[in-house]
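One structure is given here, and the rest of the page talks about it.
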Amino acid sequence: MKKIAIILFVFMGTFSQAQTLSANTPPQVNVSGEGKISVMPDEAVITVGVENTGQDSNDVKKKNDAAVDAVIKYLKNFKLPASDYQTKRVYLNRNYDYNKKKYSYMASQAIEIHLKDLSKYDALMMGLVDAGVNNIQGVQFKTSKQSEYESQARVKAAQNAREKGKDYAGALNKKLGDALLVTDNSQSYYPVAMSAMRFDKAESAEMPKETLAIGEITITANVNISFSLLNK
């Protein structure tokens with residue numbers, strides 16, 4: 001009997017506390033806001049690769065290493081800072097051809113290049129192809145003023161959320177009060193300009209001199225804000 005009384009007391013205490021919290025919680029509205037800034041990119045992150053295949057693993061690796069060495073030397077001669085390019089992936093794979101009953105090997109290496117002057121893109125790419133690059137794995141456009149534009153986008157997102165809050169408050173015959181809780185839901189996203197492509201050196205002479213459509217990139221901020229609702 002005492003046990004039941006204690007459980008009942010605890011339940012009534014919890015219920016009473018919930019009622020108190022509910023009574024003390026001000027009326028509020030939770031809204032989301034989005035801010036967008038469209039800008040011209042002035043930088044790009046380019047991922048290129050060198051790939052070679054053959055029947056002997058040592059020969060394939062040596063051939064690929066020689067090509068990579070030529071690519072890195074070219075990047076140095078192009079006057080890119082060493083901090084602006086980096087090896088990302090290195091593979092040596094063995095494949096079995098069931099028709100020929102033979103093994104073959106593929107060596108590949110990917111290099112990521114941070115190009116901070118887009119006017120040099122075409123010259124850089126042509127030189128990389130001549131040096132030994134035989135596939136382009138992707139190009140991501142960026143801006144050197146990313147932090148500045150993100151800040152502007154966040155301000156626009158907060159303004160957008162406040163305008164939504166005013167709409168809801170007016171519809172409920174209330175006045176929008178202070179922000180009670182702000183949650184940032186922004187995620188960085190960099191558009192990829194092109195998908196992976198492979199080509200031979202013989203094709204490089206036929207490549208056009210202008211191969212990059214820069215366009216614009218959009219920097220987006222998303223926020224959730226809870227505002228108090230006040231009586232008019």
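The values are calculated or read from the model by the stated rules, or taken from the named source; none is laboratory data. Treat the numbers as computed from the prediction; the structure is a model and nothing was measured. We place every Cβ from the backbone using ideal geometry, glycine too, and count neighbours over all the protein chains shown. Calculation scope for accessible area: heavy atoms of the full protein, side chains included, ligands and nucleic acids excluded. Shrake-Rupley method; radii C 1.70, N 1.55, O 1.52, S 1.80 Å.
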Scope segment 79-93; condition surrounded by fewer than 17 Cβ atoms within 10 Å (Cβ to Cβ) and touching a helix residue (DSSP H, G or I) at 6+ places or on another chain (Cβ under 7 Å); matching residues: 92
Lone unmet requirement of (1) open to solvent by less than 90 Å² (accessible area, probe 1.4 Å); (2) of a type in the set (A, V, I, L, M); (3) farther than 30 Å from residue 90 by Cα; (4) modelled with pLDDT of 95 or more for residue 217: (4)
Single match in 108, 104, 57 (criterion: within 12 Å of residue 132 (Cα to Cα), without any contact (Cβ under 8 Å) to a residue 60 or more places away in the chain, surrounded by 13 or more Cβ atoms within 10 Å (Cβ to Cβ) and among the small types (Gly, Ala, Ser)): 108
Entirely in segment 67-146, the strands (runs of 3 or more DSSP E) that have 1 or more residues that are farther than 28 Å from residue 53 by Cα and of a type in the set (A, V, I, L, M): 102-115
All positions within segment 82-120 that are out of contact with any Ser or Thr (no Cβ under 8 Å at 6 or more places or on another chain) and β-branched (Val, Ile, Thr): 87
Residue in segment 162-177 that is touching a strand residue (DSSP E or B) at 6+ places or on another chain (Cβ under 8 Å), open to solvent by less than 40 Å² (accessible area, probe 1.4 Å), modelled with pLDDT of 95 or more and outside any strand (DSSP E or B) present: yes
Search result, residues across segment 142-156 that are open to solvent by 10 Å² or more (accessible area, probe 1.4 Å) and not polar (S, T, N, Q): 142, 145, 148, 149, 150, 154, 155, 156
Residue check, residue 22 in contact with a Phe, Trp or Tyr (Cβ under 7 Å, 6 or more places away or on another chain), at pLDDT below 95 and of a type outside the set (Asp, Glu): no
Residue tally, condition among the hydroxyl-bearing types (Ser, Thr, Tyr), open to solvent by 70 Å² or more (accessible area, probe 1.4 Å) and modelled with pLDDT of 55 or more, over segment 178-206: 2
Matching entry among 116, 174 (being under 18 Å from residue 39 (Cβ atoms) and in contact (Cβ under 8 Å) with a residue 40 or more places away in the chain): 116
